[in-house]
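Notes follow the structure.
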Amino acid sequence: MFYLINKPIWISSFFAISKLRKILNIKKVGHTGTLDPLASGLLLVATGNSTKLISYLDKARKTYIFSFNLDWYTESGDLGTPIHYLDNKLIEETQKTITKDKIKNLIESKFLWKITQIPPKYSAIKVNWKRAYSLARDWKEVQIPERIVEIFDYKLLDYNFPTVTLEMTVSAWTYIRTIAEDIWKELWLNAYTITLHRSKIWDLDESKSVDIENLKQTDSIPYSHLFPDFKEIILDPENISKISSWIILENKFSLTEWQKYFIKNETLDYISLIEVKNNELFIIANKIS
C-alpha cells in the first residue's frame, strides 16, 4: 500500500518512516524521495509488496515552496549550521539594485528547463560509501559530481528584502538549497534557505495527505490513482497461476503492445504487473498487494 504522509519540520524522513512502521505494524517500508529534517511536507511511502512499484514513482516531479534570505549565509545552505553575517555596506548597496523584476528575469533566463547543479555537501548523497553530510561535518573534503535537473515551472510568491519566496516544480533529485545558492551567486550575494516545504508530488497534493499520528490503513492511496497510465485486466485462476509462477504467456487477450497492465484476480486483488512485448506478457513484478 502507498501512503502520503505530511512530515513536520525537525524530524528526519527515517524517523517518520520508523514511526509509520510501528503504527501499521509492518517492517517493509520504502519511500519515493526523502525530505531533510529542516524541510516539511509530503512524503510518499510504500509498505510491504507495494515497495516493488517504487521505481515507477521516485522519478515523479515535485513542487516546493521555499524562502531564502540574501543577507547572511551558512555552510549547509539552511539553518542547520551557524549563520555568517554579510557586510552591512554590501547589503545596503545591493538592496537598492535587487527588484522583483530582476529576480524574475534572472530565473527565467538561467533557471528554467534543464540546468546543471552540484548537490550540496551537506546532503545524504553517498561519497565513497559515506553520507556527504557526515564528511562535511568532519571537515573532510567532499566532491560531488554535477548533475542535470529540470525546472518545469516557477512562481515568485513574494520578495521583501532580504527574503525571497518561490514556488518551483522540479524533476527528481533536484536540490532546492542548491537552486537558492545558485540564484544568490548570480546576484553576487550569499544566502541560506529558511523554509522548505514540499507541497506536491506529481498530482498528489496536501489534500490527500495525512499526519503520521492520525494514519490508518484505510488512508492508503489506490494504485489506480498513482498509476493512471497502467491499465488493468482481470484474468482467470489458471492464467493467474501461470503468471504467478513467472510463466510468460502469449498475448491472446488482445492487449496493447508496449502497454503496462496490472493483473487482477476475480476478487479484484492486484496480483502482478506485466508489460506486453513482442506479443507476450512480460512479467515485471509478482505479489504486488
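The values are calculated or read from the model by the stated rules, or taken from the named source; none is laboratory data. Just so it is clear, the model here is predicted, and its values are computed rather than measured. Ideal geometry is used to build each Cβ from the backbone, glycine not excepted, and the neighbour counts take in all protein chains shown.
Total residues in segment 48-60 satisfying the condition of being at pLDDT below 95 and either buried (at least 19 other Cβ atoms within 10 Å of the Cβ) or within 11 Å of residue 198 (Cα to Cα) (or both): the figure is 1.
For residue 224, indicate whether it is under 25 Å from the mean Cα position of the chain (by Cα), hydroxyl-bearing (Ser, Thr, Tyr) and loosely packed, with under 13 Cβ neighbours inside 10 Å. Let's see the steps before the verdict.
On the way: under 25 Å from the mean Cα position of the chain (by Cα): yes; hydroxyl-bearing (Ser, Thr, Tyr): yes; loosely packed, with under 13 Cβ neighbours inside 10 Å: yes.
Yes: the conditions hold for residue 224.
Among residues of segment 21-33 that are closer than 29 Å to residue 171 by Cα and touching a residue at least 24 places away in the same chain (Cβ under 8 Å), those with a Cβ under 6 angstrom from a residue that is part of a loop (DSSP other than H, G, I, E, B) and among the aliphatic types (A, V, I, L, M), sequence gap 6+ or separate chain, pair up as 32/57. A single entry from 277, 252, 200, 264 fulfils the requirement of being under 26 Å from residue 150 (Cβ atoms) and either outside the structural domain of residue 11 (by TED's automatic domain parsing) or buried (at least 16 other Cβ atoms within 10 Å of the Cβ) (or both): 200. Residue 9 meets the conditions (1) surrounded by fewer than 18 Cβ atoms within 10 Å (Cβ to Cβ); (2) farther than 22 Å from residue 166 by Cβ in every case but one. The failed one is (2). The single condition among (1) modelled with pLDDT under 85; (2) in contact with a strand residue (DSSP E or B) (Cβ under 6 Å, 6 or more places away or on another chain) that residue 133 does not meet is (2).
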